[in-house]
Each structure stands twice: as structure tokens, then as C-alpha cells.
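The values are calculated or read from the model by the stated rules, or taken from the named source; none is laboratory data. Remember, it's a predicted structure, so these values are computed and weren't measured experimentally. Backbone-built Cβ (ideal geometry, glycine too); neighbour counts: all protein chains shown.
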Amino acid sequence: MIEKDFIPSAYNHTITEGKVSYKSPSNIALVKYWGKKENQLPQNPSISFTLDACATTTKISFKRLNKPSEEYSFDLLFEGNSKEDFKPKIKIFFTRIEVYLPFLKEYHFTIETSNSFPHSSGIASSASGMSALALCLVALEKQLNPEMSDDFFTKKVSFLARLGSGSACRSIEGDIVQWGNHENTEGSSDLFGIKYPYKVHDNFKRFHDTILLVDKGQKQVSSTVGHNLMHNHPFATQRFKQAHENLDKLIAVFESGDLKEFIAIVESEALTLHAMMMTSMPNFILMKPNTLEIINKIWEFREKSNSNVCFTLDAGANVHVLYPENEKDVVFQFIKDELIGYCENQQYICDRIGFGAKQLKMNA
Ligand code: DP6
């Protein structure tokens, strides 16, 4: 598919008003997206576990205007309160997607959104937030064009979510989603995420992700600034190549169930992401002392218990502790005994692999 395929032809239905609501999860990348080209196209393929507990719920109420407005017409409520400082992001998003949703200026929207996790937790809300918004908008488009197939619906949502935030395109489906052209993944595309199409061993079916909130502060580097650091980065070419290779390795690991190899790839990806930030110009160290304490504790515990617990990181100080279902009791005990002390106010979030976004029923 190409970009043009997402531009609709004239709609055959008219809808004057209505409401639609979706709950969409966050996701945690195993092979990281870090570096992008024009139009939110990734420099390398990435793959993630869709999460379950960390999610955004968005409801859009729409009303057709008598005549299309000059500017986008919308109100935004975050956790029940009007939120002016989120509006510019949404405006930019609407500008990017209007060619694919030409009705945007024909409606007034009331967008009500809330997160299942605290806003100031340092947990990125762009993946769940942008995917929930894209879902609501394409659901409205489906009312204007009821012939839209389910497959096209999912692809278009992912395509539009990507234009809001790259990683958001991996949040629509579960339980494993891949985004970005990869020669050995059939159907993969830079334009949208796809559900991982190959065999996944039972070892990976019910993975857990306990998110340790090491630093709940505002992000020190916005993702856009971060991705831009990969332009002219001295190691960029090698890094993008490595992501392709790690994905190849992961395909084999998902099939065989080899947890030791899984750990090697996932931790290397996390540390490489941070190594890229440390070696760019300007450079950043986003790990905190407690991030390193936690990593060392995990390594120690693994050494002595032969557990299959491992970690991954986002572009920040928080640590995602990943472990298989059959180790959940021991690992969770270890987390409580030895890791929680390194979290800000002892805070953490228990999450696990999830199965993608859900439409919520609207009364009336
Ligand atoms: C480190 O998707 O937040 O989490 O496209 O600029 O919105 P934008 O970036 P974003 O970047 C996520 C980067 C990452 C790795 C990943 O999720 O793959």
C-alpha cells in the first residue's frame, strides 16, 4: 500500500452528530524505533509488546457544522478539565492527517481523554493517546463510509496514529506488533504497524512488564528532538542495520522460545538506544543512578537464580522489567524486595502483554 491509498473518495453517507469512544494501550518496544525521516517514516523497523494496563480512553462527540470552519473546531478535556496546552499537538496532528480525513473542518469535536496511569509518571502517553484519537476519528469515517473493511480500518488507524506519534502505530492491535519495512517480515511497512505474522512460542504468550518509576519528572528530551539526533549521528548507519539484524534474530527466538537469546537482544536494544543518545551531538544521559542500580540488581538476580527476567528502557530513566508468566511469583517478590526501593516514592505499575485497543459502548 502507498500513502495515496489512504485518501478517501467521496463519502456516501452523511452523519450530523454522534459519539464514539476507544480505549487504546501503550506498548513497549523490544527492537527500538530511534531515528525518523520526513513524514514520520522510521529509519529502521521496530517491534513491541502491546501493553494492557497502561492505556488512554478517549471519547469524541462530533457535531456537523452548518458550513466548514476555517480552522479546526474542537474542545479538549483531559481528565475532566479543559486542557489548553494539549491543543497545539492536536492541531498539528489534524494538519498532518486532514488530507486523509477531509471531513475534519466540517465538524465540531469535543475530545475527552484520560489515562489509566498518572500523567506525571514519566510514562509516555503519546502512543496510547494518539492511537485512541486516531481510532475515534476513523470510526467516524467508517460511519461516513460503512463499506470500509475491518482490515483497512485497522491499517488506516495505524497509519494515522503514526502521523501523530511513530510508536502509536504499534498500539492498535496485540499482542506483538511490528512497524517498518523489514525484508524478512511479510507485509511489513513503514506506513503502519502490522500484527506480528509468524509463530510465537508459548514462552512469550503472557509476558509481564512491571514498570519501575525511577524518575517521574517531565521528559528531558522530547521524542522529536531525540529522533533528530540520529541525523548525522556517527553510528547511525550501523545502528539502523543492527535493528534489522536484531529483528531477524527475534523472529527465530519467537519461534524457538529461547529466552536467553531474547534477553540478550532486548537488553542490547535498550542499552543501544541510550548509547545513541550518549554519543549524539548534543548528547544526553537519561538514565539516573537508580536506573543503573536496578539494572545491576537484575543482572545479579539472574546470575544467582537463573531466572529469565530482563529489562528494557524507553527514552528516560524508568525501567521496564520483563518476565515470563511461569516466573511471575518469584520475580515479583524480587521486585518488591530489591527494586521498589529505587523508585520515586516506591511507585511502579504492574502491566503485561495486551491484545490491543477496544471500542467502548456509548449510551445514547
Ligand atoms: C524510545 O513514538 O514517542 O520509545 O514519532 O516523535 O512521536 P515520535 O516518537 P515516539 O518515539 C518512541 C521512541 C522509543 C522507542 C520505541 O517506542 O520504539
(request) Output the residue which, of all residues in the stretch 199-232 that are loosely packed, with under 14 Cβ neighbours inside 10 Å and under 25 Å from V321 (Cβ atoms), is farthest from the ligand (Cβ to nearest atom). (result) D202
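Any idea how many residues of the stretch 1-17 are hydrophobic (A, V, I, L, M, F, W, C), in contact with a Lys or Arg (Cβ under 8 Å, 6 or more places away or on another chain) and under 19 Å from K67 (Cβ atoms)? Lay out the reasoning, then the answer.
As a first pass, look at the stretch 1-17 and keep what is hydrophobic (A, V, I, L, M, F, W, C): 1-2, 6-7, 10, 15.
Within this subset, residues satisfying the condition of being in contact with a Lys or Arg (Cβ under 8 Å, 6 or more places away or on another chain) are 1, 6, 15.
Of the ones still in play, those that are also under 19 Å from K67 (Cβ atoms) are 15.
Looking only at that region, the number is 1.
When only residues in the stretch 19-36 that are away from the ligand (no atom under 11 Å from the Cβ) and surrounded by fewer than 23 Cβ atoms within 10 Å (Cβ to Cβ) count, which is nearest to V321 (Cα to Cα)? Quick ask: steps written out before the conclusion?
We begin by selecting, within the stretch 19-36, every residue away from the ligand (no atom under 11 Å from the Cβ); these are 19-25.
Next cut, surrounded by fewer than 23 Cβ atoms within 10 Å (Cβ to Cβ) only: 19-21, 23.
Numbers: K19: 38, V20: 34, S21: 31, K23: 24 Å.
Selected residue: K23.
Quick check on the stretch 158-178: of everything there that is outside any loop (DSSP other than H, G, I, E, B) and within 8 Å of the ligand (Cβ to nearest atom), which residue is surrounded by the fewest Cβ atoms within 10 Å (Cβ to Cβ)?
Start the filter on the stretch 158-178 by keeping residues that are outside any loop (DSSP other than H, G, I, E, B), which leaves 158-164, 166-170, 173, 176-178.
Among the residues that remain, those that are also within 8 Å of the ligand (Cβ to nearest atom) are: 162, 164, 166-168, 170.
Values: R162: 29, G164: 24, G166: 26, S167: 29, A168: 33, R170: 34.
It comes out as G164.
Could you identify the single residue in K67, K19, K23, K63 that is without any contact (Cβ under 8 Å) to a residue 24 or more places away in the chain and over 30 Å from A236 (Cα atoms)? Write out each step before concluding.
Working: K19 fails: without any contact (Cβ under 8 Å) to a residue 24 or more places away in the chain; K23 fails: without any contact (Cβ under 8 Å) to a residue 24 or more places away in the chain; K63 fails: without any contact (Cβ under 8 Å) to a residue 24 or more places away in the chain.
When all the criteria are applied, what remains is K67.
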(request) Give just the number: which of (1) in the same structural domain as T57 (by TED's automatic domain parsing); (2) within 18 Å of G354 (Cβ to Cβ) does L144 not satisfy? (result) (2)
(message) Of the residues K59, K19, K4, only one is among the basic types (K, R), over 30 Å from V266 (Cβ atoms) and touching an Asp or Glu at 6+ places or on another chain (Cβ under 7 Å); which?
(response) K59
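Do we find that F254 is part of a helix (DSSP H, G or I), in contact with a Gly (Cβ under 8 Å, 6 or more places away or on another chain) and aromatic (F, W, Y) in this structure? Steps first, please.
Numbers: part of a helix (DSSP H, G or I): yes; in contact with a Gly (Cβ under 8 Å, 6 or more places away or on another chain): no; aromatic (F, W, Y): yes.
So F254 does not fit the description; no.
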(request) May I ask you to list the residues in the stretch 184-235 that are of a type in the set (S, T, Y), under 20 Å from the mean Cα position of the chain (by Cα) and assigned to a loop (DSSP other than H, G, I, E, B)? (result) T185, S188, S189, Y196, S222
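Using the structure shown, decide if K105 is under 16 Å from the mean Cα position of the chain (by Cα) and either within 16 Å of the ligand (Cβ to nearest atom) or charged (D, E, K, R) (or both).
Taking the combined requirement at face value, the residue does not satisfy it.
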